[in-house]
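Reviewing the structure listed below.
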Amino acid sequence: MTTGLTNYDRRMYTLMNGREGRPLYATAARRRAVVCAHIALTVIFEAAWIAVVFAEHKRWWPLVVLLAALLPWCVATGAINGATRGLLQLRARALDERQLTERDRVLARAHRLTSLLLLAAAVGFGFLSWLGDVRMEALVAPVLIGVLVPHWLMPMWVAGLTVRDEPDEE
């Protein structure tokens, strides 16, 4: 760890490098399971939020789903951040050269994946427009939100899927 860290940097470094949650992400299979669970919870959370905000007929069940998914989503987020030792959450001055290189690699891969997601959304939007029976104005905000959230979380998912196992402690 480099010098010149603020108290915030030291606290975040300690938090992100804590080993309390290690059983959740100790192996590659567990990390993949946590990332897949996080993706599924994100889809559920996002769909419920879109239903709460944009549904014509307001129902109470999407709000219950939203609240029920929040705690497991936070736990999965913490597990991924712990597995990556805060690769994406810590400031650059708290990371070494290897971690900075890894962060750049993760961000580049996530950018390519979200570019493909944006392309798929644009093609899907164009296809629905071509069909002609769909009110495009009603889809703009949900589709934008549906693409924004994966764009925001993709670096964390990529980092969680590509992080290597830690060497055994002797």
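Summed over the residues of region 1-133 and divided among them, the accessible surface reaches 65 Å² per residue at a probe radius of 1.4 Å.
Of interest is the spacing of the C-alpha centroids, which for region 33-73 and region 103-142 amounts to 20 Å. If you fit an axis through the alpha-carbon atoms of helix 7-16 and take the longest principal axis of the Cα set of the chain, what angle between them do you get, 0 to 90°, nearest 10? The angle comes out at about 80 degrees.
Think of the chain as having a plus end and a minus end, set by charges on the Cβ of Lys, Arg, Asp and Glu; of 7, 154, 50, 7 sits farthest toward the positive end of this dipole. The 3J(HN,Hα) values that the Karplus relation (6.51, -1.76, 1.60; θ = phi - 60°) gives for region 116-128 are, in residue order, 5, 5, 5, 4, 4, 5, 5, 5, x, 4, x, 5, 5 Hz. Gly and Pro appear as x.
Report note on the peptides 68-80, 142-154, 110-122: ranked by the mean count of other C-beta atoms within 10 Å, highest first, their order is 68-80, 142-154, 110-122.
Relative to the longest principal axis of the Cα atoms of the chain, helix 61-83 runs at roughly 30 degrees. The three principal axes of the Cα atoms in the chain give end-to-end lengths of 63, 33, 33 Å, sorted in falling order.
The values are calculated or read from the model by the stated rules, or taken from the named source; none is laboratory data. Keep in mind that this is a model prediction, so the values were computed, not measured. When we count neighbours, we look across all protein chains shown, and the Cβ atoms used for this are built from the backbone with ideal geometry, even at glycine. Heads up: the accessible areas ignore ligands, DNA and RNA and are worked out on the full protein's heavy atoms, side chains in. Shrake-Rupley method; radii C 1.70, N 1.55, O 1.52, S 1.80 Å.
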